[in-house]
Amino acid sequence: MTPRAPATPALPKPVGYAGAVQTWEAIRSRRNVRSFEDRPIADDHLDEILESGRRSPSSQNWQPWDFILVRQREQLLQLAHVWRGAGHVAHAAAAIALIAPVPADERQKDRVQYDLGQATMSIMLAAASLGIGSGHAGVADQDMARGLLGFPDDKFCAYLISLGYPADRPLTLIRRPDRRPFDDVVHRDRW
């Protein structure tokens, strides 16, 4: 009998919940949200969002990340002080702290940042597909973050992603995004 590999924890299959959108719609609807309704996010939705981060691509399949999910209000209020632009974390339903190894050199620093960027976008798109808003923040005060989150000394907290249902308006298709024109950005074969 051939031994089986350990199973990945089972996640619920997406169901027809209100506000669910397809990937292309999530890309075109996602925006930074920093004002949230006062209502919790279902555990299965948080697991789906975290799983999307875990499945993100990384350089040489390094997977340099760990994620800390925070839902306790007092902890979110304190985390809002790790950087001057993190105030939105205080009123989120939840936040995900992206934890990574302290880079050994510049090359590894670049790899970590690129890989964390991919995980961040995967998390934010998964949230948008569920009608959940997200916003990101840097972390300047590593000592405060370490004290609140308990990660080891050989790691650092790179980003916080706040999550919650948008207070101002739901995520909907952005018809006129504030972006450079397509033809100014896209070059074919050469510049």
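If you take the residues in the stretch 139-182 that are of a type in the set (A, V, I, L, M, F, W, C) and assigned to a helix (DSSP H, G or I), which one is nearest to residue 108 (Cα to Cα)? Full working, then the answer.
Filtering the stretch 139-182 down to residues of a type in the set (A, V, I, L, M, F, W, C) leaves 139-140, 144-145, 148-149, 151, 156-158, 160-161, 163, 167, 171, 173-174, 182.
So of that shortlist, the ones also assigned to a helix (DSSP H, G or I) come out as 144-145, 148-149, 182.
On the way: 144: 24, 145: 22, 148: 26, 149: 24, 182: 33 Å.
Filtering first and then ranking leaves 145.
Considering every residue within the stretch 168-177, establish whether at least one is among the polar types (S, T, N, Q) and over 17 Å from residue 86 (Cα atoms). Break it down into steps so the answer makes sense when it comes.
Looking only at the stretch 168-177, we keep the residues that are among the polar types (S, T, N, Q), and these are 172.
If we keep only those that are over 17 Å from residue 86 (Cα atoms) too, we end up with 172.
Yes: the stretch 168-177 contains one or more residues that are among the polar types (S, T, N, Q) and over 17 Å from residue 86 (Cα atoms).
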Item to check | Tally, over the stretch 126-161, of residues that are farther than 20 Å from residue 76 by Cα and buried (at least 18 other Cβ atoms within 10 Å of the Cβ) | outcome: 5
Checklist entry - In the set 132, 96, which member is in contact with a helix residue (DSSP H, G or I) (Cβ under 7 Å, 6 or more places away or on another chain), over 25 Å from residue 61 (Cβ atoms) and aliphatic (A, V, I, L, M)? => result 132
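One line per residue, one yes/no per condition, for (1) over 12 Å from the mean Cα position of the chain (by Cα); (2) closer than 22 Å to residue 129 by Cα; (3) surrounded by fewer than 17 Cβ atoms within 10 Å (Cβ to Cβ):
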{"position": "48", "(1), (2), (3)": "no, yes, no"}
{"position": "61", "(1), (2), (3)": "yes, no, yes"}
{"position": "69", "(1), (2), (3)": "no, yes, yes"}
{"position": "81", "(1), (2), (3)": "yes, no, yes"}
{"position": "84", "(1), (2), (3)": "yes, no, yes"}
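Residues checked against (1) without any contact (Cβ under 8 Å) to a residue 12 or more places away in the chain; (2) assigned to a strand (DSSP E or B); (3) within 22 Å of residue 35 (Cα to Cα):
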position: 100; (1), (2), (3): no, yes, no
position: 113; (1), (2), (3): no, no, no
position: 137; (1), (2), (3): no, yes, yes
position: 184; (1), (2), (3): yes, no, no
position: 189; (1), (2), (3): yes, no, no
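Read-outs throughout are calculated quantities, based only on the coordinates presented, and are distinct from any laboratory measurement. For clarity, every value in this text was computed on a predicted model and none was experimentally measured. Please note: Cβ atoms are built from the backbone with ideal geometry, for glycine as well, and neighbour counts cover all protein chains shown.
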